[in-house]
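Notes follow the structure.
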Amino acid sequence: MRAINAIREWMEDAGLRTWVDQMGNVHGRVEGANPNAEALLIGSHMDTVVDAGMFDGSLGIVSAISALKALKVNGKLEKLKRPVEVIAFCDEEGVRFQTTFLGSGAIAGILPATTLEISDKRDTMIKDVLKENSIDITEESLLQLKYDPKSVWGYVEIHIEQGPVLEQKGFPLGVVKGIAGQTRLKVTVRGSQGHAGTVPMSMRQDPMAAAAELIVVMESLCKSPEEFLSYDDHCSDSSVKSLSSSLVCTVGEISTWPSASNVIPGQVTYTVDIRAIDDLGREAVIYDLSKRIYQICDKRSVSCNIEHKHDAGAVICDSELSSQLKSAAYSALKKMEGDIQDEVPTLMSGAGHDAMAMSHLTKVGMLFVRCRGGISHSPQEHVLDNDVWAAGLATLSFLENL
Ligand code: HGY
Ligand code: MN
Ligand code: MN
Ligand code: MN
């Protein structure tokens, strides 16, 4: 609740009308000179992962609010050509329910139905959100948070790159070409629980050893998909080839039961996060990986269950919005550094963003900010003050040329 109140205060200090919606998103809006024009939505997420850095998500919210504050100080806020609405989204990371984009998904009208159908989770989630915002609503009105596409001009998000490209190029800002698609699975392997000291190795049905083999096989598949995927199955070899450049897979969470050092586990559960720029290729990997999981479990006489928790297709950013962001970034850097020779770089995003959900509602554009060593989702996450300044100036220039 403290974050929500602080963000509202910053928004009100920038001259915005604020409210918190039923999902827990914080909105700050100014109507500008043409209140009936389609609105620009701009923002990012206010939640983050465990043991995270300070800039993932928050930089986008602060850049938007500070740029509007600067317009207010210069008496230009009410002269904006169209309404501008800053949205600080809740639950972009999906850390709690292994879904993601719950806040932006509600606005875009793609609230993952599966999330609301997971009744044991759904009630907890909705009750938490509602309790925190002390709002008493039905699930239906929660689902009615969707914005009317005709009332929205576009969505822009300023975000740290969370990768090494801009640092390698020596450039503070970059425009995002597209965002890789992602799939989240939950794999549960069940075997026969037993005494660590008495069950001979040849008689074990050990889900931990099985999970270890599954994870190493997944790593090899994602390191060289062309070796694994049988092309004739379900995707062209071009998708597989394009895969290898962007395909990544991660097991971020693993838990075992009963989790005692002298007990052969009865069950092991782990998460799978798979991403790629090519959706077909990513689906081919999921299909191939699932086949291998069942084969290996069969061989080890353990059972397994693969839950498909979340899918978000790859997104290509809008070219018109992207070129406006590119000129805004260029003019910001020119203001700061005098003349700049090179063009503002464009790059793909391996990380997911609320812009993926918002692309179901309207055209989207993203501006990346260099971050040290490309490190993110870690307390080591760091952005240079000057680069934050450049991001703010670019946002201001973008708003002034709406
Ligand atoms: O996981 C992601 O890509 C983002 O940080 N939510
Ligand atoms: Mn993140
Ligand atoms: Mn983020
Ligand atoms: Mn004992």
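With respect to the chain, whose longest principal axis is taken over its alpha-carbon atoms, helix 2-13 is tilted by about 20°.
Cα centroid separation, the stretch 277-329 to the stretch 1-54: 30 Å.
Less than 5 angstrom separates the built amide H of ILE264 from those of GLY194, HIS195, ALA196, all sequence-distant by 5 or more or on a different chain.
If you model the stretch 228-374 as an ellipsoid using its alpha carbon gyration tensor, with each semi-axis the square root of five times an eigenvalue, the axes come out at 41, 20, 14 Å, biggest first. Ordering HIS159, ALA196, GLY170 by Cα displacement along the dipole of the stretch 138-196 toward the positive end leaves ALA196 in first place; charges were set at the Cβ atoms of Lys, Arg (+1) and Asp, Glu (-1).
In debye to the nearest 20, how big a dipole does the stretch 1-69 give about its Cα centre with +1 on each Lys and Arg Cβ and -1 on each Asp and Glu Cβ?
On the way: 5 positive and 9 negative charges, 34 e Å.
That gives a dipole near 160 debye.
Comparing the chain with the 2.2 N^0.38 Å rule of thumb, its C-alpha radius of gyration ratio is 1.08 (two decimals).
As I understand it, the dipole of the chain uses +1 on the Cβ of Lys and Arg and -1 on the Cβ of Asp and Glu, about the Cα centre. Which of LEU111, SER63, VAL50 lies farthest toward its positive end? Working it through, the farthest residue towards the positive pole turns out to be SER63.
Considering only Cα-Cα distances, which of the following residue pairs are longer than 27 Å: LYS76/LYS326; LYS72/LYS177; LYS81/LYS146; LYS79/LYS169?
Details: LYS76/LYS326 22 Å; LYS72/LYS177 31 Å; LYS81/LYS146 24 Å; LYS79/LYS169 37 Å.
Beyond 27 Å between Cα atoms: LYS72/LYS177; LYS79/LYS169.
The order of the peptides 57-64, 332-339, 261-268, 210-217 by mean Cβ neighbours within 10 Å, most packed first, is 57-64, 210-217, 261-268, 332-339.
Which value, in debye to the nearest 20, describes the size of the charge dipole of the stretch 258-364 about its Cα centre when Lys and Arg Cβ atoms bear +1, Asp and Glu Cβ atoms bear -1, and nothing else is charged?
Details: 11 positive and 15 negative charges, 94 e Å.
Charge dipole, the stretch 258-364, about its Cα centre: 460 debye, nearest 20.
The value of relative contact order for the chain, using C-alpha pairs under 8 Å at least six residues apart, is 25 percent. Relative contact order for the stretch 1-112: 31 percent, from Cα pairs under 8 Å spaced at least 6 residues apart, divided by residue count. Think of the chain as a dipole: +1 on every Lys or Arg Cβ, -1 on every Asp or Glu Cβ, centred on the Cα centre; then among THR18, HIS310, PHE398, THR18 lies furthest on the positive end.
Nothing charged except the Cβ atoms of Lys and Arg (+1) and of Asp and Glu (-1): what's the magnitude of the dipole of the chain about its Cα centre? Round to the nearest 20 debye.
Values: 38 positive and 54 negative charges, 52 e Å.
The calculation lands at about 240 debye.
When the helices in the chain are scored as -39500 (n - 2.57) per DSSP H run of 4 or longer and the sum is shared across all residues, what 222 nm value do you end up with, to the nearest 500 deg cm²/dmol?
Numbers: 15 runs with 160 residues, N = 402.
After summing the helix terms and dividing by the residues of the chain, the value is -12000 deg cm²/dmol.
Working with all protein chains in place, sort TYR330, TYR147 by solvent-accessible area computed with a 1.4 Å probe, largest first. All intermediate terms of the calculation are to be shown ahead of the outcome.
Numbers: TYR330 80, TYR147 40 Å².
I get TYR330, TYR147, largest accessible area first.
For the chain, the longest principal axis of the alpha carbon atoms and the long axis of helix 237-246 meet at an angle near 70°. Once the Cα-Cα distance is subtracted from the 0.36 nm per residue extended length, the SER245 to ASN74 segment shows a gain of 56.9 nm.
The values are calculated or read from the model by the stated rules, or taken from the named source; none is laboratory data. Just so it is clear, the structure is predicted and the values come from calculations on it, not from any experiment. Backbone-built Cβ (ideal geometry, glycine too); neighbour counts: all protein chains shown. Side chains are part of the model used for accessible areas, which takes the heavy atoms of the whole protein and leaves out ligands, DNA and RNA. Shrake-Rupley method; radii C 1.70, N 1.55, O 1.52, S 1.80 Å.
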